[in-house]
Structure formats: structure tokens, C-alpha cells
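One structure is given here, and the rest of the page talks about it.
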Amino acid sequence: MDFSSSIACLVLTLILILLLYSSIFQRTKTSHAKLPPGPNPIPVLGNLLNLDNKPHKSLAKLAKIHGPVMTLKLGSVTTIVISSPTAAKEVLQKHDVSFSSRTIPDAVRGHSHHELGMPWIPVSPLWRSLRKICNSHMFASQSLVARQNIRSLKIRQLLSLVRESCDNGVAIDIGKAAFSITLNVLSNAIFSVDMIDPSSGSANEFKELVWNMMEEMGKSNLADYFPALKMIDPQGRRRRFTGYAGKMFGVFDELIKTRDLFLAGTDTTSNTLEWAMAELLHNPTILSKAQEEMDKFIGKGRPVEEVDLARLPYLHAIVKETFRLHPPTPLLLPRKAEEDVDLCGFRVPKGAQVLVNAWAIGRDPGTWDNPELFWPERFLGSDVDVKGQDFELIPFGAGRRICPAVSLANRMLQLMLASLVHSFEWKLEDGIGAEDVDMEDESGITLRKAQRLHAIPVHRTNCC
């Protein structure tokens, strides 16, 4: 055996020893706890083989067998998975303080992102200060009203991009267009400047950069399941995240140190708009109903204004239905138990990771009739909203760590969707039929379409 082979064997042996030690140590810590039920773990790996590259779906399947409060052993990490509105309310409201800390994915530690990114830092004086700035200034009702003209300008820019594709008879990448507009709305709210030119190639480069970061944060990482491996970053996720973050933060740092809001606010909103448009193209009858509502309450030939949104209940229902089926963060950002907690008759041990499966909750047949069906009518006349008080629909989370930009994100999503639907008819490329629209997802920390949505806009008769 040559020297390099000997070194490789030695390294593998050390890794196996570390994995085994970590697994035994963690098992000893939690063996006396009355944990929720779950699939039987195997030595060292635990339940890692029960997961696939779409954990929100594999965890939802396991929850149907083991229940809405479920224990998995992901390597050496005890993980509690929540899959029902009742259990989510226990975690996010009743025991919100006990679960207010985060489990930090190892990739996020790249570029010290976990020390400055507001979604990741612990509840602390720094976190409270940042939260106060968000709630009292950037995303307060008065601030949103004051910046309405900026959002109107950005919507006109969006329509201009779409109109150019319309005039040329070519398809537009809806997610890319929405991303650039959303990014500039957010950058204007914080810095009073546009970050990128929506018509330039930089928009697509920036979007892919953000997605790459989200993917590294959300994909399976041995260092997350076996903390002893963090020192060697075996899959290189932290190293790659550091490279992506360095490129993006290099732009942000010219303006301000606070940067996480951009990751959360741009990728999630543009992804949700893309899902909404995909559902409408997949369900043309619903698209027609939405256009009929806008023609009636806004009128043909007039662009949508923000004040019009209050008169469009069917549009609101479409947005809620999109959030239900395609939550921006299918597994809400992971939480960590700060102490032993009694939860739904079980014990969550201190240090356990807690995952709330918003994707599974949105498709729970005990809560929703025909849960796999895109049917906005289910929300007409309903008081269920996305602001964190109705735990059957929590796309932005709930409790003290709910997304601070929920009002802006919801408003922008409604305004962009209404403008695209009211101003244009839409057809798919290459003669693809509505029934053939690809609705498969791809998961990082956020949820996006596996196949990008390209659609050809056509001017509506007598419309803007």
C-alpha cells in the first residue's frame, strides 16, 4: 500500500471514529427522554437514509406513519419534526421563547454570515435592535405608504420588460424578471438605490448567486449531522458558500454591513410569483376568473395601482393558495430547544433541532379539503391569513422570529401578479398545453421550480 493510500485509510478511519463517538455521545444525552415516535435509526447514520434531496416531501411521508410530532436521528443530531397546525402553534406561539434560538447550518458560518444575518443570530440586544429597525422604520405601515411611488415605478419597469418580450413575441423568464424588481424594491427600502439594472445580464447572475447560497444552506451536509466533522467541512459546502457570499457581500458591503434581508426577501418573493404564474398557466380557468375580477373592479385599459388591491378578493385567494401549496421556505428555518420542553405530551430535549414542515402543514388532509388541488375558492370568505396567527398557513413563520418583511413581501407579490395578469394574456412556449406545465420543485432552504417558467406575453385587447 503506497503512502497516499495509507493516509486516505487513516483519514477514513478517523472520520468513522468521530462519527461513532458523536453518535454514542448524543444517544447517551437523550436516551432517558420521552421522545416523540419516529422511524428506527441505524447505527451512526441514524435516519439519514430516510431522507432524500427533497426533505420536505420525505419528512411529510414519514409524518403520515409516525405522527405530526416526530423524532428523527439525523446522524448524531436529535431532530423533532412538526407537521400539523396544532403542533406548530405549540412551537411557534406557546413555547416560542424556548424555541427562539437557531440551529445554524454549517454552510451559513461561511463568511461569518451567522454572526450578522438577522434570521440566524440569537435573540440578543443586536437582534432586538435590528428587529426594531425593521418593525419601526423599514417595514412599518407608514414607511410602506411613503414608498408607494417607488413600488409603482418598479412595477412599470416590470411591465416594460414584459412588454418588450411581448412586442418581440419571445418568452420571458418570469422568475428572473420578478427577482430583479423585488431586489430593487428592497434595496430602495433600505439604501434608497437600485442594486441592479433589470434589463442587464447581471440580474440573472445575481439571482443564480443567491440561489447557490440558498442551495448550499439547504442541502444535506454531513457537518450538520455530525458536528465533529465541522472542522474539515467534508462536502465543501461552507467553502462554496463562503465564495458565493464573498461575491455578493462585496457589493452590499459598499453600502452597509447588514445584509441578510436580501437573501430572504428577494429569492422567496420571486419564487412565489413564479409559482403563482405557473399555477395560473396550469389552471387557465382560474386565470380567466382573476382577469374578469380585475376587468370589473379596475377596468380595461388602466394599470393596476396599489389602492386597487383591496378590491380583489379572488387575487388574494390565489396568493394564499400559492403560499399553501408552495411555501417559500418549506421547512421553516430550523429552531433549537434552549431547555427541555414538554410538547404535545412528549419531551423535546435541550439542544434538539426543531423543524416545522410548512409544506406538509399546507397539504394536511385533516385541515384542507382536496389538499393537492389548486383551488383559490377555499379562501373566499375565509379569515385565514399569512401573518402568523393562523397556523394552518405559515409561509412566513410565526412568533418572534416571523419574517419582518411579511407586509412588504405580500404587497409586492399581489401587485406584481395583478399587473402581469391584468395587462397580458399568457401562452406557453413550443405549444405546451396547460396540463403539461412542469410543477416539480427543487429544494434548497427555499423552494423554487425545478424547471424555470418561461411564458410568452400577449397584449390584452383594450388593455394597457
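The values are calculated or read from the model by the stated rules, or taken from the named source; none is laboratory data. Bear in mind that the values here come from a model prediction, so they are computed numbers and not experimental data. All Cβ positions, glycine included, derive from the backbone under ideal geometry; neighbour counts span all protein chains shown. Accessible surface is based on the protein model in full, side chains and every heavy atom, while ligands, DNA and RNA are left aside. Shrake-Rupley method; radii C 1.70, N 1.55, O 1.52, S 1.80 Å.
The figures follow:
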{"read-out": "Evaluated at q = 0.13, 0.19, 0.31 Å⁻¹: base-10 log I(q)/I(0), Debye formula over Cα of region 412-463", "value": "-0.44, -0.84, -1.11"}
{"read-out": "0 to 90° range, to nearest 10: angle between helix 260-282 axis and the chain longest Cα axis", "value": "60 degrees"}
{"read-out": "Amide H partners (placed H, <5 Å) of residue 453, local residues excluded", "value": "174, 175"}
{"read-out": "Packing-based order for 103-114, 158-169, using average beta carbon neighbours within 10 Å, highest first", "value": "103-114, 158-169"}
{"read-out": "Region 398-433-region 48-103 distance, computed between alpha-carbon centres (Å)", "value": "28 Å"}
{"read-out": "For region 295-414, with +1 on Lys and Arg beta carbons and -1 on Asp and Glu, the positive-most of 403, 366, 391 along the dipole", "value": "403"}
{"read-out": "Kirkwood Rh, Cα atoms: Rg over Rh of region 106-183", "value": "1.16"}
{"read-out": "With every protein chain in place, region 293-407: carbon and sulfur % of accessible area (1.4 Å)", "value": "49 percent"}
{"read-out": "Proximal charge balance of residue 70 [Cβ under 13 Å; K/R count +1, D/E count -1]", "value": "+3"}
{"read-out": "Residue (of 310, 235, 294) at the positive-pole extreme of region 224-371, dipole from beta-carbon charges", "value": "235"}
{"read-out": "Projected area, mean over directions - region 297-403, Cα convex hull, nm²", "value": "8.7 nm²"}
{"read-out": "15 Å tail of the calculated P(r), region 137-234, as % of Cα pairs", "value": "70 percent"}
{"read-out": "Counting all C-alpha pairs of region 198-246, share separated by more than 19 Å (%)", "value": "35 percent"}
{"read-out": "Among 415-426, 115-126, the order from most to least packed when residues are scored by Cβ within 10 Å on average", "value": "415-426, 115-126"}
{"read-out": "Solution diffusion estimate, µm²/s, Stokes-Einstein, the chain, Kirkwood Rh from C-alpha pairs, 4 °C, viscosity 1.567 mPa s", "value": "56 µm²/s"}
{"read-out": "Check: the chain dipole with +1 on Lys, Arg Cβ and -1 on Asp, Glu Cβ, in debye", "value": "1440 debye"}
{"read-out": "Whole-number percent relative contact order across region 147-222, with pairs defined as alpha carbons under 8 Å at least 6 apart", "value": "25 percent"}
{"read-out": "Space enclosed by the convex hull of the alpha-carbon atoms of region 381-431, per residue, Å³", "value": "140 Å³"}
{"read-out": "Largest-first principal axis extents of the Cα set of region 229-373 (Å)", "value": "61, 50, 27"}
{"read-out": "Calculated [θ] (222 nm, deg cm²/dmol) that DSSP helices of n ≥ 4 give over the chain, each run adding -39,500 (n - 2.57)", "value": "-14500 deg cm²/dmol"}
{"read-out": "Principal axis dimensions, region 96-148 - Cα atoms, whole angstrom, descending", "value": "39, 27, 16"}
{"read-out": "From phi via Karplus (6.51, -1.76, 1.60), per-residue ³J(HN,Hα) for region 186-198 in Hz, x at Gly/Pro", "value": "5, 5, 5, 5, 9, 10, 6, 9, 7, 7, 9, 8, x"}
{"read-out": "Selected from 283, 348, 327, residue furthest toward positive end of dipole (region 274-425; charges at beta carbon)", "value": "348"}
{"read-out": "Charge tally in the Cβ shell below 13 Å around residue 443, where Lys, Arg are +1 and Asp, Glu are -1, residue 443 excluded", "value": "-2"}
{"read-out": "Radius 10 Å from Cβ of residue 189, net charge of other residues (Lys, Arg +1; Asp, Glu -1)", "value": "+2"}
{"read-out": "Evaluated at q = 0.21, 0.22 Å⁻¹: base-10 log I(q)/I(0), Debye formula over Cα of region 343-464", "value": "-1.54, -1.54"}
{"read-out": "Bins of 5 Å from zero: percent of alpha-carbon pairs in region 72-120", "value": "5, 17, 18, 20, 22, 15, 4, 0"}
{"read-out": "Contact order normalised by residue count of the chain, Cα under 8 Å, 6+ apart, percent", "value": "24 percent"}
{"read-out": "Rg followed by Dmax, in Å, when region 48-157 is reduced to its Cα trace", "value": "19.1, 52"}
